[in-house]
Amino acid sequence: MNGATGGSTRRRVFAANWKMNHGPAAARAFTRDFVARYRSDADSDVIFFPPALSLAAAIEGAGEAPPFRFGVQNIYSADKGAFTGENSAPIARDAGARLTLVGHSERRHVFGETNEQTAAKCAAAERAGLTPLLCVGETLEQREGGETESVVSSQLRVGLSDLKDPLLTTSVIAYEPVWAIGTGKNATPEDVADIHTVLRAVLAELLGDAAEGVRILYGGSVTPGNVSRLLMAANVDGVLVGGASLEVGSWLSICSASLNL
Ligand code: PGA
């Protein structure tokens, strides 16, 4: 099978979350090299989330009309004002972002972001015409306590609850178990398929038939070696990748995984 995922018309998503890596010079060099070597696949979307200060350079390195899009890793929930150090959704949009991560586990667990704050950020993204890529995921403690399904379901429900037009705005979700991020530990494809099925059922309750169009990504220690197995799991429409997206060769081989399925 090539491109779109199991029996549906959903295009696969390959999203690179560079976190706090690659300053402007490295970002420019990366996208310049990537665009020269990437064989565009009509059934996949590639998205880069560089640090905000490197966004312009990453876009510049990619040249005219690159076959991928850019986003920011975080926005503040207000559109403008006295919020020293923050970036708003309209500023991100003006700077060339088309998406924003919301509720990444590091935002939740390092910076204390709550479900209610993720909801306000999704709403801010919607107002500015940015697609929120809402991340959900349980901690090891929650997993061991049997709470995974209830934790991720409520992160999803609350995160989307302030959207004015969830049917149009909700297009990408990422499931990232906190214990699998940057640890080298993967959830098994079976575990991932189970949770993605739960998330799609919640989306169906919220969005009706339109839920079928939402892409649900997996994230957490994805590598060139395990990406194909993860992409073959039911309801997995792509991957959100940290560490293995930082080097052009490794990121290229992840983005080409669809071609080999
Ligand atoms: P990782 O990070 O691929 O380094 O585990 C994924 C993420 O945090 O988005």
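The values are calculated or read from the model by the stated rules, or taken from the named source; none is laboratory data. In this text the structure is predicted, and so the values were computed from the model without any measurement. Methodologically, a virtual Cβ is constructed for each residue, glycine included, from the backbone with ideal geometry; neighbour enumeration extends over all protein chains shown. Side chains are part of the model used for accessible areas, which takes the heavy atoms of the whole protein and leaves out ligands, DNA and RNA. Shrake-Rupley method; radii C 1.70, N 1.55, O 1.52, S 1.80 Å.
Pairs linking a residue in the stretch 242-254 that is away from the ligand (no atom under 12 Å from the Cβ) to a residue that is acidic (D, E), with Cβ atoms under 9 Å and 6 or more positions apart or on different chains, are V248/D33. In the stretch 91-105, the residue that is most open to solvent (accessible area, probe 1.4 Å) out of those that are in contact with a Gly (Cβ under 9 Å, 6 or more places away or on another chain) and not in a loop (DSSP other than H, G, I, E, B) is R93.
Screening the candidates S221, S228, S250, S245 for the property of being hydroxyl-bearing (S, T, Y), crowded, with 20+ Cβ neighbours inside 10 Å, over 12 Å from the mean Cα position of the chain (by Cα) and more than 24 Å from T131 (Cβ to Cβ) yields one hit, S221.
For G112, are the conditions met, namely being of a type outside the set (A, V, I, L, M), surrounded by fewer than 17 Cβ atoms within 10 Å (Cβ to Cβ), at pLDDT 95 or above and closer than 16 Å to A89 by Cα? No; evaluated as a whole, the condition is false for this residue.
When G137, G103 are screened for being more than 15 Å from A52 (Cα to Cα), in contact with a Lys or Arg (Cβ under 8 Å, 6 or more places away or on another chain) and within 16 Å of the ligand (Cβ to nearest atom), only G103 passes.
Here's the yes/no breakdown for (1) in contact (Cβ under 8 Å) with a residue 12 or more places away in the chain; (2) within 16 Å of the ligand (Cβ to nearest atom); (3) assigned to a helix (DSSP H, G or I); (4) surrounded by 14 or more Cβ atoms within 10 Å (Cβ to Cβ):
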site: G146; (1), (2), (3), (4): no, no, no, no
site: V152; (1), (2), (3), (4): yes, yes, yes, yes
site: L156; (1), (2), (3), (4): yes, no, yes, yes
site: W179; (1), (2), (3), (4): yes, yes, yes, yes
site: A187; (1), (2), (3), (4): yes, yes, no, yes
